[in-house]
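The values are calculated or read from the model by the stated rules, or taken from the named source; none is laboratory data. Owing to the predicted nature of the structure, the values given are computational and were not obtained by experimental measurement. Heads up, the Cβs are rebuilt from the backbone with ideal geometry, glycines too, and the neighbour counts pull from every protein chain shown. Side chains are part of the model used for accessible areas, which takes the heavy atoms of the whole protein and leaves out ligands, DNA and RNA. Shrake-Rupley method; radii C 1.70, N 1.55, O 1.52, S 1.80 Å.
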Amino acid sequence: MKPSILQVDGSYGEGGGALVRAALTMSALTNQPVRVSNVRGATQFPGLDVEDLVIAHYLRTSCAAKTVGMEQGSHEFEFSPTRRPQGLTTPLSSSAEMSPGRGANALIVANSLIPVLARSGTYSTLSLQGETYGHKALSFDYFSSVTAPALLKAGVYVSLEQFKAGFGRESRGTIMLDVEPSVMAPLAWAERGDLLDCHAILSHSDVPPATLQRGVAHLGNLAKAAKLDCEIEVQGVDSDEPGLFLTLFARFERGMGGATMMGAKGVRIETHAQGLFEDFFGWIRSGATVDSHLADQILPSLCLAEGDSHFTVPIITKRFLTTVWVVKQFMPIPITVKGKEGERGSVTIRRQ
């Protein structure tokens, strides 16, 4: 019998892109058709966005899915997989035809595809184009230094390489993503344990050396005042446009997280460094084992692991609660979130 189509209200909770991406990923993972209405209905820009369409393109290919309404700006769509996920391979070439206007964020696309490709049973190698460093968006340095290591702890084998950086929503950076067949493992991250390392990365294109030196000095002083031994790296990246992006992260025995900051014209690098460090140190002071962004990124994989997972977050966001709600529409498993929205909390996923 054909499975009945699951109805999801796209304006629920945060009602934005995280809901759409979670619905597509979970549909592909569970082979459950889904219809999402009121797409991004709780945002100022409702309707399908570029990231949604690019993610749907790859998942449709992987699952031979039938789709309805997959057009930019569409307020309702259907996604119906017809087979279990299969691995994908694309050459290192342009994929601009999928987003001829504003490019997709390449790391947001990658993060949505990884759980599906990891369960395909075959190796996948994808060339993804678009933004790799963006304002309040998943970035290459954070993904490679925090997200990928956290996924590895959860049994997901993924690696990526940046061939060209893309600063901002109109950019055309390029990354290569490799995903191996993986067996998801639970994470017992109730407490951090000892600090293993702390790093800062200043990625830039066409930024004066004196500016970078000031940024390094300010970050160094902030870390010293907080009694953190932080290694600071400055790396030039190949890009079609000038840009600056700051990433600060730490890894513990049982946990990891960080913060990011996009450079902006007319703003001193010391101001960026200060804001970055305040965000990062807020997570450090909280004692939480993952930051609030990483919690979103590891949730789908942990829901597929054989065994119970536990982690803590500095702030329970509406975005995370919305993603939990979507996951539970497809997989009726116990996911317990203790704490109020906007406050510190803990998450337990029971799979035993």
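Screening THR67 against (1) touching a Cys at 6+ places or on another chain (Cβ under 8 Å); (2) free of Cβ contacts under 8 Å to residues at least 24 places away in the same chain; (3) not small (Gly, Ala, Ser) leaves a single unmet condition, (1). Count of segment 264-290 residues, restricted to those that are under 12 Å from PHE245 (Cα atoms), under 20 Å from the mean Cα position of the chain (by Cα) and not in a helix (DSSP H, G or I), is 0. Once segment 74-93 is narrowed to residues that are modelled with pLDDT of 95 or more and open to solvent by 30 Å² or more (accessible area, probe 1.4 Å), the residue that is nearest to SER127 (Cα to Cα) is GLN86.
In this structure, is GLY41 over 20 Å from LYS318 (Cα atoms), small (Gly, Ala, Ser) and surrounded by fewer than 23 Cβ atoms within 10 Å (Cβ to Cβ)?
On the way: over 20 Å from LYS318 (Cα atoms): no; small (Gly, Ala, Ser): yes; surrounded by fewer than 23 Cβ atoms within 10 Å (Cβ to Cβ): yes.
For GLY41, the condition - over 20 Å from LYS318 (Cα atoms), small (Gly, Ala, Ser) and surrounded by fewer than 23 Cβ atoms within 10 Å (Cβ to Cβ) - is not met.
Consider GLU231 carefully, then state whether it is at pLDDT 95 or above and over 23 Å from the mean Cα position of the chain (by Cα). When the stated conditions are applied, GLU231 passes them. Scanning segment 236-256 for residues that are farther than 23 Å from VAL267 by Cα and in contact with a strand residue (DSSP E or B) (Cβ under 6 Å, 6 or more places away or on another chain) turns up ALA250, ARG251, PHE252, ARG254, GLY255.
Screening segment 250-261 for residues that are under 16 Å from the mean Cα position of the chain (by Cα) and more than 14 Å from PRO314 (Cβ to Cβ) and picking the one that is surrounded by the fewest Cβ atoms within 10 Å (Cβ to Cβ) gives THR260. Count of segment 322-332 residues, restricted to those that are without any contact (Cβ under 8 Å) to a residue 40 or more places away in the chain and either in a helix (DSSP H, G or I) or hydrophobic (A, V, I, L, M, F, W, C) (or both), is 2. Do we find that ARG319 is outside any strand (DSSP E or B) and surrounded by 16 or more Cβ atoms within 10 Å (Cβ to Cβ) in this structure? Spelling it out, ARG319 is indeed outside any strand (DSSP E or B) and surrounded by 16 or more Cβ atoms within 10 Å (Cβ to Cβ). Once segment 138-158 is narrowed to residues that are in contact with a helix residue (DSSP H, G or I) (Cβ under 9 Å, 6 or more places away or on another chain), in contact (Cβ under 8 Å) with a residue 40 or more places away in the chain and closer than 21 Å to GLU241 by Cβ, the residue that is surrounded by the fewest Cβ atoms within 10 Å (Cβ to Cβ) is LEU138. For segment 190-232, filtered to residues that are farther than 30 Å from ARG172 by Cα and touching a His at 6+ places or on another chain (Cβ under 8 Å), the residue that is surrounded by the most Cβ atoms within 10 Å (Cβ to Cβ) is CYS230. Against the numbered list (1) out of contact with any Ser or Thr (no Cβ under 9 Å at 6 or more places or on another chain); (2) part of a helix (DSSP H, G or I); (3) open to solvent by less than 20 Å² (accessible area, probe 1.4 Å), LEU294 comes up short only at (1). Just one of the numbered conditions (1) hydrophobic (A, V, I, L, M, F, W, C); (2) over 25 Å from ALA42 (Cα atoms); (3) modelled with pLDDT under 95; (4) surrounded by 15 or more Cβ atoms within 10 Å (Cβ to Cβ) is not true of ALA96; which one? Going through the list (1) hydrophobic (A, V, I, L, M, F, W, C); (2) over 25 Å from ALA42 (Cα atoms); (3) modelled with pLDDT under 95; (4) surrounded by 15 or more Cβ atoms within 10 Å (Cβ to Cβ), ALA96 breaks only (4).
Being out of contact with any helix residue (DSSP H, G or I) (no Cβ under 9 Å at 6 or more places or on another chain), open to solvent by less than 10 Å² (accessible area, probe 1.4 Å) and either of a type outside the set (A, V, I, L, M) or free of Cβ contacts under 8 Å to residues at least 24 places away in the same chain (or both) narrows it down to one residue among GLY47, GLY15; which is it?
On the way: GLY15 fails: out of contact with any helix residue (DSSP H, G or I) (no Cβ under 9 Å at 6 or more places or on another chain).
Being out of contact with any helix residue (DSSP H, G or I) (no Cβ under 9 Å at 6 or more places or on another chain), open to solvent by less than 10 Å² (accessible area, probe 1.4 Å) and either of a type outside the set (A, V, I, L, M) or free of Cβ contacts under 8 Å to residues at least 24 places away in the same chain (or both) holds for just one of GLY47, GLY15, which is GLY47.
When residues of segment 159-170 are filtered for being crowded, with 24+ Cβ neighbours inside 10 Å and either touching a Cys at 6+ places or on another chain (Cβ under 8 Å) or among the hydrophobic types (A, V, I, L, M, F, W, C) (or both), how many remain? Talk me through it step by step, then tell me what you get.
Filtering segment 159-170 down to residues crowded, with 24+ Cβ neighbours inside 10 Å leaves 165-167.
Still in the list and also either touching a Cys at 6+ places or on another chain (Cβ under 8 Å) or among the hydrophobic types (A, V, I, L, M, F, W, C) (or both): 165, 167.
Result for segment 159-170: 2.
Looking only at residues in segment 264-279 that are in contact with a Ser or Thr (Cβ under 9 Å, 6 or more places away or on another chain) and open to solvent by less than 40 Å² (accessible area, probe 1.4 Å), the one that is nearest to GLU343 (Cα to Cα) is LEU276.
Out of segment 297-316, which residues are open to solvent by 10 Å² or more (accessible area, probe 1.4 Å), assigned to a loop (DSSP other than H, G, I, E, B) and more than 20 Å from ALA23 (Cα to Cα)? Hits for segment 297-316 are GLU306, ASP308, PRO314, ILE315.
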